[in-house]
Amino acid sequence: MPAPEATPGAICFQATQSASHITELLDVLWERSKDATTQATAPASPSQLRLMYVIDRQDGIRMRTVCHLLASSPPNVSRMCDRLQAIGFLQRLPCPESGREVNLRLTPAGKRHLRRIREQRETMLHHAIHHMPAAERLALAHGLTELAVQLAANDGGEHSRSSAHPAA
């Protein structure tokens, strides 16, 4: 007797649980890769790395924009910037349009640090994905692409109301 078809809600729940589990596993792997590539002075907190990723994507970004993107208060972001600047990973520059605002930029050392972390992560992911069957790799690529689209469209929200794709 064939297995009964899973409902769209059950499939969504299973996919959500799997994505959550993968996220936890990746957190552990990321910590290992970070530990393998850092010196004693490198940023230790996920918040500092997240800040560095935001600045890396938008070179010269205003601190006010970073606060908004990280959903963090200016004093918290300022303290993280202090730490990153102290270890030589971040520059604060006066904003040309407004003397009251500050633009943020990673230093070459900060960019090298992120590059090493990304290389370690990509190596780990490549190794795991390489050992998957080809059809599963293709499905993963399509699924992750759509997941990224939905997360970006909904700013990380819980669900999408605007998806053109029905629930699977």
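The values are calculated or read from the model by the stated rules, or taken from the named source; none is laboratory data. All values derive from a computational prediction rather than experimental measurement. FYI the Cβ positions are ideal-geometry reconstructions off the backbone, even for glycines, and counts take in every protein chain you see. Accessible surface areas use protein heavy atoms only, side chains included; no ligands, DNA or RNA. Shrake-Rupley method; radii C 1.70, N 1.55, O 1.52, S 1.80 Å.
One table, with the values for the structure above:
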{"read-out": "Count of residues meeting criterion [open to solvent by less than 70 Å² (accessible area, probe 1.4 Å), among the polar types (S, T, N, Q) and not in a helix (DSSP H, G or I)] in region 71-108", "value": "5"}
{"read-out": "Matching residues in region 110-122 - criterion: being at pLDDT 90 or above and exposed (fewer than 14 other Cβ atoms within 10 Å of the Cβ)", "value": "R112, R115"}
{"read-out": "Cβ-Cβ under 6 Å pairs, at least 6 apart or on other chains, region 142-163 side surrounded by 10 or more Cβ atoms within 10 Å (Cβ to Cβ), far side at pLDDT 50 or above and of a type in the set (K, R)", "value": "none"}
{"read-out": "Where D56 falls short, out of the listed (1) among the charged types (D, E, K, R); (2) at pLDDT 90 or above; (3) open to solvent by 60 Å² or more (accessible area, probe 1.4 Å); (4) within 20 Å of the chain's Cα centre (by Cα)", "value": "(3)"}
